[in-house]
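Asker: One structure, pasted below without further comment.
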Amino acid sequence: MPENTRNILVVDDNELNYTAVRKLLTKEGYNVTVAVDGLQAMEMLMNNNSYDLVVTDMMMPQVTGQELLEAIKRNLYNKIKVIIVSSMQNETMIAEAFKAGADDYLIKPINPTDLLLRIRKILN
């Protein structure tokens with residue numbers, strides 16, 4: 001378990017996905033909050049900027065993961081790390097995510113161990 005409990009915001013419009021990630025991360029000792037789309041995530045970030053990491057899907061209604069990423073890096077939340085988790089394997093889209101400031105990009109379906117290793121690396 002992490003010595004310092006970290007706050008992670010999981011953003012995904014698919015209940016099965018966010019439930020699995022929340023369960024995995026909570027079991028590892030992280031404080032996990034879920035937003036069901038990018039718009040809700042932006043509202044949550046405006047009201048609480050104590051998140052250490054955002055794990056977000058790319059393709060969501062209203063506000064996409066790319067738009068969320070850009071808003072995080074453009075605003076006061078620049079200290080927040082971002083991992084994109086998406087089924088989109090388009091090299092241009094992946095490059096754009098990194099160019100916008102993504103700290104990592106995982107392609108779905110994700111391996112839980114891989115996700116945990118990347119989170120630990122980013123948060124340490």
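The values are calculated or read from the model by the stated rules, or taken from the named source; none is laboratory data. Everything numeric in this text was worked out from a predicted model, so none of it was measured. Here the Cβ is made from the backbone with ideal geometry for all residues, glycine too, and neighbour counts use every protein chain on show.
Asker: Can you work out which of the residues in the stretch 74-118 that are acidic (Asp, Glu) and surrounded by fewer than 14 Cβ atoms within 10 Å (Cβ to Cβ) is farthest from residue 55 (Cα to Cα)? Talk me through it step by step, then tell me what you get.
Answerer: First, the residues of the stretch 74-118 that are acidic (Asp, Glu): 91, 96, 103-104, 114.
Next, from what is left, pick out any that are surrounded by fewer than 14 Cβ atoms within 10 Å (Cβ to Cβ): 91, 114.
Numbers: 91: 19, 114: 13 Å.
Within the stretch 74-118, the match that is farthest from residue 55 (Cα to Cα) is 91.
Asker: Can I ask one more? Would you please list the contacts, defined by Cβ atoms under 6 Å and residues six or more apart or on different chains, that run from a residue in the stretch 5-19 that is surrounded by 13 or more Cβ atoms within 10 Å (Cβ to Cβ) to a residue that is among the basic types (Lys, Arg)?
Answerer: Sorted first by the residue in the stretch 5-19, then by its partner, the pairs are 10/22.
Residue by residue, here is whether (1) modelled with pLDDT of 95 or more; (2) over 11 Å from residue 9 (Cβ atoms) holds:
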{"position": "23", "(1), (2)": "yes, yes"}
{"position": "34", "(1), (2)": "yes, no"}
{"position": "51", "(1), (2)": "no, no"}
{"position": "78", "(1), (2)": "no, yes"}
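Asker: Additional query: With the requirement that a residue be more than 15 Å from residue 59 (Cβ to Cβ) and touching a residue at least 12 places away in the same chain (Cβ under 8 Å), what does the stretch 80-101 give you?
Answerer: 80, 81, 82, 83, 100, 101 - these are the residues of the stretch 80-101 that are more than 15 Å from residue 59 (Cβ to Cβ) and touching a residue at least 12 places away in the same chain (Cβ under 8 Å).
Asker: Right, residue 71: of a type in the set (A, V, I, L, M), at pLDDT below 95 and surrounded by 15 or more Cβ atoms within 10 Å (Cβ to Cβ) or not?
Answerer: Working: of a type in the set (A, V, I, L, M): yes; at pLDDT below 95: yes; surrounded by 15 or more Cβ atoms within 10 Å (Cβ to Cβ): yes.
Judged against the criteria, residue 71 is a match.
Asker: Search the stretch 23-34 for residues that are polar (S, T, N, Q) and pair each with any residue that is in a strand (DSSP E or B) when their beta-carbon atoms are under 8 Å apart and the residues are at least 6 apart or on different chains.
Answerer: 26/32; 31/7; 31/8; 33/7; 33/8; 33/9; 33/10
Asker: Just to be sure before I move on: is residue 45 more than 19 Å from residue 95 (Cα to Cα), modelled with pLDDT of 95 or more and of a type outside the set (Lys, Arg) in the structure I sent? Outline the logic, then answer.
Answerer: Details: more than 19 Å from residue 95 (Cα to Cα): yes; modelled with pLDDT of 95 or more: no; of a type outside the set (Lys, Arg): yes.
It is false that residue 45 is more than 19 Å from residue 95 (Cα to Cα), modelled with pLDDT of 95 or more and of a type outside the set (Lys, Arg).
Asker: Any residue at all in the stretch 38-54 that's surrounded by 17 or more Cβ atoms within 10 Å (Cβ to Cβ), touching a Ser or Thr at 6+ places or on another chain (Cβ under 8 Å), closer than 23 Å to residue 112 by Cβ and of a type in the set (Asp, Glu)?
Answerer: Checked the stretch 38-54: no residue is surrounded by 17 or more Cβ atoms within 10 Å (Cβ to Cβ), touching a Ser or Thr at 6+ places or on another chain (Cβ under 8 Å), closer than 23 Å to residue 112 by Cβ and of a type in the set (Asp, Glu).
Asker: Could you tell me whether the stretch 55-64 includes any residue that is modelled with pLDDT of 95 or more and under 15 Å from residue 116 (Cα atoms)?
Answerer: Yes.
Asker: Among the helices (runs of 4 or more DSSP H) lying completely within the stretch 21-124, list those that include at least 1 residues that are closer than 24 Å to residue 5 by Cα. Outline the logic, then answer.
Answerer: On the way: elements: 38-47, 65-74, 91-99, 112-123.
Counting at least 1 such residues, we get 38-47, 65-74, 112-123.
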